[in-house]
1. Inside region 89-130, can you point out the residues that are of a type in the set (Val, Ile, Thr) and either modelled with pLDDT under 95 or surrounded by 21 or more Cβ atoms within 10 Å (Cβ to Cβ) (or both)?
2. Going through Ile146, Ile192 one at a time, which residue ends up being β-branched (Val, Ile, Thr), at pLDDT 95 or above and surrounded by fewer than 21 Cβ atoms within 10 Å (Cβ to Cβ)?
3. Residues in region 122-137: is at least one within 30 Å of Pro315 (Cβ to Cβ), of a type in the set (Val, Ile, Thr) and in contact with a Leu (Cβ under 8 Å, 6 or more places away or on another chain)?
4. Name the residue that is farthest from Leu75 (Cα to Cα), counting only residues in region 36-47 that are within 12 Å of the chain's Cα centre (by Cα) and part of a helix (DSSP H, G or I).
5. Considering region 296-331 alone, what residues qualify as being loosely packed, with under 13 Cβ neighbours inside 10 Å and among the small types (Gly, Ala, Ser)?
6. Restricting to region 303-349, what's the tally of residues that are in contact (Cβ under 8 Å) with a residue 24 or more places away in the chain and under 19 Å from Leu120 (Cα atoms)?
7. List the helices (runs of 4 or more DSSP H) that sit entirely inside region 217-295 and contain at least 3 residues that are among the polar types (S, T, N, Q), out of contact with any His (no Cβ under 7 Å at 6 or more places or on another chain) and surrounded by fewer than 18 Cβ atoms within 10 Å (Cβ to Cβ).
8. Could you run through region 200-234 and say how many residues are over 17 Å from the mean Cα position of the chain (by Cα) and of a type outside the set (D, E, K, R)?
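The values are calculated or read from the model by the stated rules, or taken from the named source; none is laboratory data. Since this is a predicted model, take the numbers as computed values, not measurements. Neighbour counts are summed over all protein chains in view; Cβ atoms, including those assigned to glycine, are modelled from backbone coordinates with ideal geometry.
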Amino acid sequence: MLNRRRLMTGVAAGALAAPAVLRIGRAQAAVTLKMHHFLPPMANGHAKFLAPWAKKVETDSAGEIKIDIFPSMQLGGAPPQLYDQARDGVADLVWTLPGYTSGRFPRIETIELPFVAHKLAVPNSLAIQEFADKHLVDEFKEVKPICFWAHDAGLIHSTRQVKALDDLKGIKLRFPTRLSGEALKLLGVNAIGMPVPQVPESLAQKVIDGCVVPWEVVPAIKAHELTKFHAEFPGTPTFYSATFVLVMNRAKYDSLSPAAKKVIDANSGAPAARMAGKAWDEAAVAVRKMVQDRGNTITVLAEDEVKRWQRITKPVVDGWMQQSASKGFDGAKLLADLQGLIQKHAKAT
């Protein structure tokens, strides 16, 4: 009887211990990925896209994948170094702008040409994702791309009102990409390039008179507080858009289990691009209303004025296409393909 009691006690103890062993084994099997980006955690890009995307991956993987996000360059370095951090394994995932490393990714610049992009982010994002699947494989082969996207219409935020071309003469504006900078210079702007985290201090110290960013970015850099005037471009195509990428260290991706890779793949490409674009478009509506309610002046440029700007900046497009041959691709063909994709996804939401 005593032996039987001991046996039953042992079996019960083993049964109680088994879940603990399983839990320990599962925790050890979990993969923690470090995601790095330059925006503060309250920014829309973090709160409405990157954090929800990371949470969805964790949920879909049933705990096999855990993602720790490091905003505001907490892992060190500067925004232009983010892509190389993903390539080299300093971070497992990074969110960044290819335009921060000017000229390094010439094909993706197609949508950054003046007066090419759609006024909304979802059509731009789906178009550039499909474009990337076809044309950008080699350009981003050093990493595992998760998704590509491009924001909605960029606009001018400044300390003086911009209604026409003459209002731009000599104004110091921060530009986000090489091509938008070239376009602004042709328009008479004293164009100054810098990563977006430097904008608030530069505005406060009057290093610049304004910046060119979409509505979504405005609260994060306090552009609604540091400037009082905002110039919008009506309709499509809009003046400019900038591209973004979420990429993963390739070796880290390759080390994942087949199940974990399946989760990452399911949350890559068009679904992720649409998710990002939707966050930008929704933020644009809310931020614009906030700025308007604040009492700032929002000027919608006249269509004939915009056509004038388009004619003046056309040499940027022509020059880019001429230079494309020396970089190993047909710029005219890429531009035509992208314009077709933007038209294809024009009504996407």
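1. Looking only at region 89-130, we keep the residues that are of a type in the set (Val, Ile, Thr), and these are 90, 94, 96, 101, 108, 110-111, 116, 122, 128.
Answer for region 89-130, where residues must be of a type in the set (Val, Ile, Thr) and either modelled with pLDDT under 95 or surrounded by 21 or more Cβ atoms within 10 Å (Cβ to Cβ) (or both): Val94, Thr96, Thr101, Ile108, Thr110, Ile111, Val116, Val122, Ile128.
2. Working: Ile146 fails: surrounded by fewer than 21 Cβ atoms within 10 Å (Cβ to Cβ).
After ruling out the rest, the residue left standing is Ile192.
3. Looking through region 122-137, at least one residue is within 30 Å of Pro315 (Cβ to Cβ), of a type in the set (Val, Ile, Thr) and in contact with a Leu (Cβ under 8 Å, 6 or more places away or on another chain).
4. Across region 36-47, the extreme among qualifying residues is Asn44.
5. Ala302, Ala325, Ser326, Gly328
6. Number satisfying all stated conditions: 15.
7. Values: elements: 218-221, 223-226, 250-255, 258-266, 270-294.
So the answer is none; nothing clears 3.
8. The first filter runs over region 200-234 and keeps only residues over 17 Å from the mean Cα position of the chain (by Cα), leaving 200-211, 222-234.
Filter again for of a type outside the set (D, E, K, R), leaving 200, 202-205, 207-208, 210-211, 223-224, 226-227, 229-231, 233-234.
Adding up the residues that qualify gives 18.
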